[in-house]
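This report concerns only the one structure given below.
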Amino acid sequence: MPTVRHHMSSDLLSVDAGVSIVEVAQRMVDRNVGAVLVLDDGRLTGIMTERDVLRAVARGLGDDMRVADCMTAHPETIGPDETIEHAAVLMLHGGFRHLPVVEGDDLVGVISIRDLVPLLLEDTAPRGV
């Protein structure tokens with residue numbers, strides 16, 4: 001089974017926990033990503049996803065609301081040499097779609113359910129008729 005390393009994204013969007021949610025949401029839209037990794041001195045401290053942004057809006061998003069107020073702190077992670085099957089199991093059991101990839105203390109990537117679905121499902125459906 002292929003490893004996470006070969007299918008993760010290493011072009012990461014990361015922010016500091018003090019950035020405003022509105023600014024982060026705009027960065028997410030600009031980069032067309034569903035999650036932002038939250039770093040403190042280069043170390044992963046959280047993840048903010050589209051779902052976290054929606055929760056912030058539902059709670060009455062204010063101009064003063066920061067990433068730290070809404071992020072998922074200490075997210076589940078996976079190592080780059082783990083299998084994509086393991087990544088899929090973690091996502092399914094955890095109910096999330098983005099999984100930060102860490103090697104030791106270093107953030108090296110992120111893998112999403114969108115990265116995994118084509119790998120886990122064999123495309124046997126006929127094309128065209």
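Every number in this text was worked out from the coordinates using simple rules, so none of it is lab data. Predicted model only: the values in this text are computed from it and were never measured. Note that each Cβ is placed from the backbone with ideal geometry, even for glycine, and that neighbours are counted across all protein chains shown.
With both bridge residues required to lie in the chain, what share of the DSSP beta bridges run antiparallel, to the nearest 5%?
85 percent
If I take R0 = 41 Å and measure r between the Cβ atoms of Met65 and Met1 in this structure, what FRET efficiency does the formula 1/(1 + (r/R0)^6) give, to the nearest 0.05?
0.50
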Response to the item:
For His74 and Leu54, extending 7 Å from Cα along the Cα-Cβ vector and measuring point to point gives, in nm, a value of 2.6 nm
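Distances longer than 16 Å among the Cα atoms of the stretch 9-129: what percent of all pairs is that?
On the way: 4503 of 7260 pairs.
I get 62 percent for the Cα pairs in the stretch 9-129 exceeding 16 Å.
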Worksheet item: Can you put Met65, Met28 in order, fewest other beta carbons within 10 Å first?
Response: Met65, Met28
Worksheet item: Local charge sum around Gly109 (other residues, Cβ-Cβ under 11 Å, Lys/Arg +1, Asp/Glu -1)?
Response: -3
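Counting pairs of alpha carbon atoms under 8 Å apart in space and at least six apart in sequence, what relative contact order in percent does the chain give? Display every interim value, and only then the final one.
On the way: 190 pairs, mean separation 37.9, N = 129.
Normalised by residue count, the contact order of the chain is 29 percent.
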Worksheet item: For the pair Leu119 and Val29, how long in nm is the line joining their label points, each one 7 Å along Cα→Cβ?
Response: 3.1 nm
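Among Met91, Met1, which comes first, second and so on when ranked by fewest other beta-carbon atoms within 10 Å? Show your work: numbers first, answer last.
Details: Met91 19, Met1 9.
In increasing order of surrounding Cβ atoms, one gets Met1, Met91.
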Worksheet item: How much length is gained if the chain between His86 and Val19 is pulled fully straight, taking 0.36 nm per residue apart and subtracting their Cα-Cα distance, in nm to one decimal?
Response: 20.9 nm
